[in-house]
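Structure first, commentary second.
The values are calculated or read from the model by the stated rules, or taken from the named source; none is laboratory data. All figures in this text were calculated on a predicted structure; none of them were measured in a lab. Methodologically, a virtual Cβ is constructed for each residue, glycine included, from the backbone with ideal geometry; neighbour enumeration extends over all protein chains shown.
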Amino acid sequence: MKRRDFIHLSGMGLGALATSGLVMMGNPVSAEQLLEPGMDPAAKKVLSDIALNAARSKGATYTDVRIGRYLRQNVSTREKNVQNISNSETFGVGIRVIANGTWGFSATSDVTPDGIKSCAETAVAIAKANSKLQKEPVVLAPESGHGEVTWNTPIKKNAMEIPVKDKIDLLLKVNNSAMENGAAFVNSALFVINEQKYFASTDGSYIDQDIHRIWPTFSVTAVNKGAGGFRSRQALSAPMGMGYEYLDGLAEDKIMNPAGFNSYRNSYDMVEDAINAAKHSKEKITAKSVIPGKYDLVLDPDHLGLTIHESVGHPLELDRVLGYEANYAGTSFATLDKWKSGDFKYGSDKVNIVADKTQPFSLGNTGYDDEGVKCKEWDLIKNGILVNYQAIRDQVKILGENESNGCAFADNWSSVQFQRMPNVSLKPGTEKLSSAEMIKNVEKGIYILGRGSYSIDQQRYNFQFGGQLFYEIKDGEITGMLEDVAYQSNTQEFWNSCTQICDKDDYKFFGSFNDGKGQPSQSSAVSHGSSTTRFDGVNVINTGRNI
Amino acid sequence: MAILTKEEAKKIIDKVLSYSKADEMEVSIFGGKTGNIRYARNTVNTSGETNEIRLSVNSVFGKKVGSSSTNELDDASLKKVVARAEEIAMLAPENPEYMPMLGPQVYPETATFSSSTDKITPEFRANLASDSIQVSGGGNLTAAGYLEDFSGFTAMGNSKGQFGYNTSTSVDFSITVRTSDGTGSGYAIRDFNDVNLLNSKEVTSIAMQKAQASANAQAIEPGKYTVILEPTAAGDLLGLLTRGFDARSADEGRSYMSKKGGGTRIGEKLFDERVTIISDPFNTEIPTSPWDGDGLPKQKTTWVENGVVKNLAYSRYWAEKQGVKPLSSAGGRGFGGGGYIFSGGDESIADMIKSTERGVLVTRFWYIRAVDPQTLLFTGLTRDGTFYIENGQIKFPVKNFRFNESPIIMLNNIEAMGKPQRVGGSLIPPMKIRDFTFTSLSDAV
């Protein structure tokens with residue numbers, strides 16, 4: 001049995017929903033232990049200096065130390081039952097060095113002076129061993145140290161402080177509300193993460209960060225046993241870089257969408273959404289099957305975020321472009337020659353896409369990345385033209401720059417940091433436009449909400465996306481629900497068919513809580529902001545089959 | 001020191017059980033060494049080795065369960081982990097689906113351990129990567145590959161006298177070779193328990209051949225084609241089918257195994273009569289751990305026979321609720337993963353090509369996602385070597401296709417099958433399938 005199998009099997013006995021697909025790295029602890037303070041920053045600084053000195057004395061020319069405490073709480077329920085409550089903690093240190101112009105990395109859970117010294121020495125030994133296979137030495141973009149600084153996710157309520165009972169009560173209320181409205185099955189879950197990360201480097205940075213993320217979600221299923229059909233509708237929540245205040249469901253964060261029910265911005269009414277989901281899942285069973293053909297698509301931010309993630313976020317990762325992910329996720333169509341040309345039309349001139357790790361409430365929001373670089377916003381696509389990539393300290397020289405974009409990330413103290421996707425977001429339109437007004441001008445279209453099936457090729461040209469909810473638009477009006485809808489397009493063709501983007505009042509986040517990359521695979525969390533957007537003449541297929 | 005002997009593991013488990021104050025308690029220990037090396041652009045990027053051991057405890061009061069774990073095995077840590085699990089259990093809500101623990105079980109030995117895999121060193125990994133880079137990296141080719149090896153053990157025991165111990169090893173190797181002009185890409189992947197069965201140079205040369213042969217692919221119209229699926233490609237789709245071999249979701253009406261009007265499709269002919277799917281934990285080519293997630297001994301099971309659904313897995317909870325005997329699933333990873341043996345045939349891939357008037361040869365599929373769970377419709381793309389066949393011969397490489405297809409429909413459109421080989425822990429034959437649905441073209445290489 002492999003390690004990942006063991007983790008999965010351990011999880012099965014504890015409740016499959018919470019752990020499937022999630023690597024539970026930590027040791028189970030009590031909910032109270034999640035609130036215990038971690039190691040004092042002053043003590044971390046002392047230990048970090050031991051590592052920096054030990055590595056330097058063995059010949060390292062650069063060293064960074066990440067002392068991390070990663071806390072997770074998952075609560076999952078099914079109908080009237082609690083399936084799983086898990087609280088976990090993992091604490092350790094990862095040390096990365098450059099010696100002989102080559103990276104070396106080592107990690108240990110022995111966070112003591114001796115453990116850290118030995119770990120730093122191992123990292124240097126690994127770097128020296130690997131340097132025999134190195135073809136060109138690592139060159140880091142300069143980075144002046146930040147001294148002793150702190151950064152915290154701006155939360156109002158620490159979700160770890162909310163009693164587990166309150167969370168169970170909420171989820172069971174969600175389930176009950178869906179069942180009362182005709183659902184046959186409901187799975188609901190709440191995921192809470194707190195990363196207490198300390199970073200120190202030979203550049204003179206000592207950065208203490210406290211990062212929070214939350215994701216409430218559910219899946220509601222309606223079944224027609226007689227006719228043999230079933231349909232599900234997933235939550236329209238987004239995972240967020242917020243505290244428990246995300247579950248306040250404030251009236252000002254509700255957006256009445258053109259299909260006549262509420263979408264949610266920076267706070268979420270989970271019970272209301274579950275009631276809607278139950279109604280929708282029943283309606284989906286009997287909804288009209290789509291006639292395939294060309295349609296103008298009106299894509300809600302709850303849906304468009306994933307399309308941005310797959311067709312813009314991933315292809316503009318510089319390590320993919322260079323071939324480092326060739327054996328796994330693939331490479332990219334957005335090659336350096338296209339960028340160098342300065343006129344590669346990624347999208348129509350309405351399309352402005354930015355990368356950033358600074359937007360409040362987003363999953364990627366941190367003060368500094370895992371190389372100690374201060375986070376910022378930068379353009380990826382400007383007026384439709386490809387202008388930049390996502391790159392970190394040892395990559396930016398390839399782009400002729402000498403400042404990292406600040407998007408290095410490691411998913412644990414035991415993982416080595418590498419380039420990961422920051423938030424990648426579509427800027428809202430500058431002219432006043434609501435989603436209802438947008439739909440008024442569509443003759444033959446489909447309004448799509450929610451995250452559905454998604455698939456894209458290894459260079460990010462051809463994709464197919466489904467959704468949670470599809471509404472037919474005829475002559476400017478929504479005429480009813482559709483099913484069996486998926487659209488297929490090519491990234492460049494699709495973004496060039498973008499004709500209208502709603503204004504900032506319609507802007508909201510979509511999020512991906514577990515985005516995988518690398519071998520061994522690492523998980524990261526990333527948000528994608530957008531307003532409702534129109535794409536003209538997109539190919540829609542019918543996915544209904546008989547078996 | 002990460003691998004404990006059966007006796008050492010039993011001694012620790014018995015000690016931990018002696019600390020229990022709970023109604024029931026189970027203890028599991030997992031330990032092992034995982035090593036990896038990753039290379040890309042003809043150079044090694046990362047390599048590492050992790051040794052770990054973890055002892056986990058589930059304590060139960062009534063139907064309240066608490067879990068805790070530790071990686072320290074001294075008496076004080078063991079007492080602490082028991083106390084913590086009991087404390088968590090006391091605070092937990094009741095789990096109405098909790099099943100009382102099993103008593104002693106008989107777990108026969110499975111051949112999951114290989115001492116040669118256990119002896120893999122960092123030098124072995126570095127040499128493998130270096131060989132692969134040298135073979136493929138000369139001239140106009142670029143190699144990117146990944147090797148991961150594992151050697152370890154699991155042991156479990158409970159307060160009702162159950163005890164199990166198993167050692168296992170695994171090695172997974174995959175390589176992508178691309179032409180330096182970016183017009184050709186080839187791939188090959190292998191997995192074994194015994195590293196002696198892995199010929200990494202041969203695997204590399206397959207990826208090289210595919211890279212060269214797939215360069216400058218031509219576009220042909222998407223549509224319905226006869227396809228010849230190499231075992232890797234067939235395995236990509238057949239693995240999706242076996243995930244649905246679960247009685248509970250079928251009984252609940254939310255699976256392709258659900259019968260109209262209620263119940264499951266056990267007894268129905270769902271596939272071509274040449275389709276037989278079994279699992280056998282004692283098969284020497286794909287041995288699996290001797291127990292499932294419920295702690296039940298795995299047994300040789302026929303899931304589909306001559307196209308007819310014969311069995312679905314029943315967890316202990318669901319079996320009791322339905323008044324049937326529990327039946328463990330096949331794989332090491334619940335209903336996904338490996339452990340299945342698909343019936344094959346006696347045609348080689350060369351034979352299949354010879355008898356094909358017009359068709360497509362597929363090396364592998366990529367980014368496969370569910371589109372409709374009712375019909376098991378999936379979408380995804382071909383990748384790393386797709387070729388057009390005409391009048392019994394491979395004519396030229398073709399651009400990759402997106403497919404929208406259900407493995408259920410596919411297993412009703414079988415033209416021919418070959419000898420099964422190990423893919424992802426299952427035994428999968430190459431298959432020739434008619435009317436496979438490609439819905440669009442991709443420019444990706």
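The table below lists the values:
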{"item": "Of all residues making up region A:154-209, the number that are of a type in the set (Ser, Thr, Tyr), more than 20 Å from the chain's Cα centre (by Cα) and farther than 19 Å from residue A:417 by Cβ", "result": "1"}
{"item": "Total residues in region A:447-469, condition facing chain B (nearest Cβ under 7 Å) and surrounded by 22 or more Cβ atoms within 10 Å (Cβ to Cβ)", "result": "9"}
{"item": "Unmet requirement for residue A:177, which otherwise passes all of (1) in contact (Cβ under 8 Å) with a residue 40 or more places away in the chain; (2) surrounded by fewer than 17 Cβ atoms within 10 Å (Cβ to Cβ)", "result": "(2)"}
{"item": "In region B:350-406, residue farthest from the other protein chains (Cβ to nearest Cβ) [restricted to those that are in a loop (DSSP other than H, G, I, E, B) and out of contact with any helix residue (DSSP H, G or I) (no Cβ under 8 Å at 6 or more places or on another chain)]", "result": "B:391"}
{"item": "Region B:240-265 residues that are without any contact (Cβ under 8 Å) to a residue 12 or more places away in the chain, paired with ones that are crowded, with 22+ Cβ neighbours inside 10 Å and polar (S, T, N, Q) (beta carbon under 6 Å, 6 or more apart)", "result": "B:249/B:255"}
{"item": "Criterion violated by residue A:348 - all others in (1) touching a residue at least 12 places away in the same chain (Cβ under 8 Å); (2) within 23 Å of residue A:334 (Cβ to Cβ); (3) surrounded by 19 or more Cβ atoms within 10 Å (Cβ to Cβ) satisfied", "result": "(3)"}
{"item": "Residue list for region A:483-511, restricted to those being within 14 Å of another protein chain (Cβ to nearest Cβ) and in a strand (DSSP E or B)", "result": "A:483, A:485, A:486, A:487, A:488, A:489, A:490"}
{"item": "Test: residue in region A:357-368 that is buried (at least 19 other Cβ atoms within 10 Å of the Cβ), of a type in the set (S, T, N, Q) and not in a loop (DSSP other than H, G, I, E, B)", "result": "no"}
{"item": "Residue B:84 vs. criteria within 10 Å of chain A (Cβ to nearest Cβ) and under 30 Å from residue A:98 (Cβ atoms)", "result": "no"}
{"item": "Members of region A:106-118 found to be out of contact with any Gly (no Cβ under 7 Å at 6 or more places or on another chain) and within 13 Å of another protein chain (Cβ to nearest Cβ), listed by number", "result": "A:106, A:110"}
{"item": "Segments classed as strands (runs of 3 or more DSSP E), wholly inside region A:227-315, with at least 1 members that are within 14 Å of another protein chain (Cβ to nearest Cβ)", "result": "A:229-234, A:293-299"}
{"item": "Failed item, numbered, when residue A:320 is tested on (1) within 14 Å of chain B (Cβ to nearest Cβ); (2) in a loop (DSSP other than H, G, I, E, B); (3) crowded, with 20+ Cβ neighbours inside 10 Å", "result": "(2)"}
{"item": "Residue A:48 vs. criteria part of a loop (DSSP other than H, G, I, E, B) and modelled with pLDDT of 50 or more", "result": "no"}
{"item": "Residue in region B:1-52 that is farthest from the chain's Cα centre (by Cα), counting only those that are among the acidic types (Asp, Glu) and either part of a loop (DSSP other than H, G, I, E, B) or crowded, with 22+ Cβ neighbours inside 10 Å (or both)", "result": "B:23"}
{"item": "Evaluation of residue B:201 against (1) under 25 Å from the mean Cα position of the chain (by Cα); (2) in contact (Cβ under 8 Å) with a residue 40 or more places away in the chain; (3) within 12 Å of chain A (Cβ to nearest Cβ) (one fails), failing number", "result": "(3)"}
{"item": "Selected residue [crowded, with 20+ Cβ neighbours inside 10 Å and free of Cβ contacts under 8 Å to residues at least 24 places away in the same chain] from A:126, A:95", "result": "A:126"}
{"item": "Residue count, region B:311-326 (criterion: under 21 Å from residue B:239 (Cβ atoms) and either in contact with a Gly (Cβ under 8 Å, 6 or more places away or on another chain) or polar (S, T, N, Q) (or both))", "result": "2"}
{"item": "Index of the failed condition, residue A:337 passing every other in (1) part of a helix (DSSP H, G or I); (2) touching a residue at least 12 places away in the same chain (Cβ under 8 Å)", "result": "(2)"}
{"item": "Residue match in region A:154-164 (condition: assigned to a strand (DSSP E or B), assigned by TED's automatic domain parsing to the domain that holds residue A:188, touching a strand residue (DSSP E or B) at 6+ places or on another chain (Cβ under 9 Å) and within 30 Å of residue A:203 (Cβ to Cβ))", "result": "no"}
{"item": "Flag if residue B:61 is touching a helix residue (DSSP H, G or I) at 6+ places or on another chain (Cβ under 8 Å), within 10 Å of chain A (Cβ to nearest Cβ) and either crowded, with 22+ Cβ neighbours inside 10 Å or not hydroxyl-bearing (Ser, Thr, Tyr) (or both)", "result": "no"}
{"item": "When residues of region B:150-176 are limited to those that are within 9 Å of chain A (Cβ to nearest Cβ) and in contact with a Ser or Thr (Cβ under 6 Å, 6 or more places away or on another chain), the one surrounded by the fewest Cβ atoms within 10 Å (Cβ to Cβ)", "result": "B:166"}
{"item": "Some residue of region B:245-255 being of a type outside the set (Ser, Thr, Tyr), surrounded by fewer than 20 Cβ atoms within 10 Å (Cβ to Cβ) and either within 11 Å of chain A (Cβ to nearest Cβ) or over 30 Å from residue B:195 (Cβ atoms) (or both)", "result": "yes"}
{"item": "Among residues of region B:195-238, those that are surrounded by fewer than 18 Cβ atoms within 10 Å (Cβ to Cβ), among the charged types (D, E, K, R) and in a loop (DSSP other than H, G, I, E, B), counted", "result": "1"}
{"item": "Whichever residue in region B:401-445 is within 23 Å of residue B:307 (Cβ to Cβ) and among the acidic types (Asp, Glu) and, among such residues, is nearest to the chain's Cα centre (by Cα)", "result": "B:405"}
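One line per residue, one yes/no per condition, for (1) farther than 30 Å from residue A:85 by Cα; (2) assigned to a loop (DSSP other than H, G, I, E, B); (3) under 32 Å from the mean Cα position of the chain (by Cα):
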{"site": "B:80", "(1), (2), (3)": "no, no, no"}
{"site": "B:83", "(1), (2), (3)": "no, no, no"}
{"site": "B:125", "(1), (2), (3)": "yes, no, yes"}
{"site": "B:129", "(1), (2), (3)": "yes, no, yes"}
{"site": "B:139", "(1), (2), (3)": "yes, yes, no"}
{"site": "B:147", "(1), (2), (3)": "yes, no, yes"}
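Residue-wise test of (1) more than 10 Å from chain A (Cβ to nearest Cβ); (2) of a type outside the set (Val, Ile, Thr).
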site: B:105; (1), (2): yes, yes
site: B:112; (1), (2): no, no
site: B:117; (1), (2): yes, no
site: B:134; (1), (2): yes, yes
site: B:148; (1), (2): no, yes
